[in-house]
Amino acid sequence: MQSVLFAVGQAFTAFDLRSHYPEYHVILCNSEDVAIETLKQLKELQLPVVLFIVEGKDLSFLIQAKNLV
């Protein structure tokens, strides 16, 4: 099972992240709402998220995400 690198924001591209981090399963979400729903699904599937990359300075998403993983 591959660990998940989870990115949120429009500044990222999945191709760039996958080429730099081939050892991770890269998931990219353009919005925080979609990201939260995706994290809920990952939790149900018991897939470990080992790294968050989040665009912006708003910590509310990271607080919510921490409670889900």
Per residue, how large is the accessible surface of the chain? Use a 1.4 angstrom probe and give square angstrom.
68 Å²
With θ taken as phi - 60° and the coefficients 6.51, -1.76 and 1.60, list the Karplus ³J(HN,Hα) couplings across the stretch 50-58 in order, rounded to whole Hz; mark glycine and proline as x.
9, 8, 10, 10, 10, 7, x, 10, 6
Per-bin percent of Cα-Cα distances, the chain [5 Å]:
4, 17, 31, 26, 17, 5, 0
Could you order K40, K66 so the one with the most accessible surface comes first? Probe is 1.4 Å.
K66, K40
Carbon plus sulfur fraction of accessible area for the chain, probe 1.4 Å, in percent
54 percent
For the full complex of protein chains and a 1.4 angstrom probe, list I36, I63 by accessible area with the highest value first.
I63, I36
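The values are calculated or read from the model by the stated rules, or taken from the named source; none is laboratory data. In this text the structure is predicted, and so the values were computed from the model without any measurement. Keep in mind that these areas ignore ligands, DNA and RNA; they rest on the heavy atoms of the full protein, side chains included. Shrake-Rupley method; radii C 1.70, N 1.55, O 1.52, S 1.80 Å.
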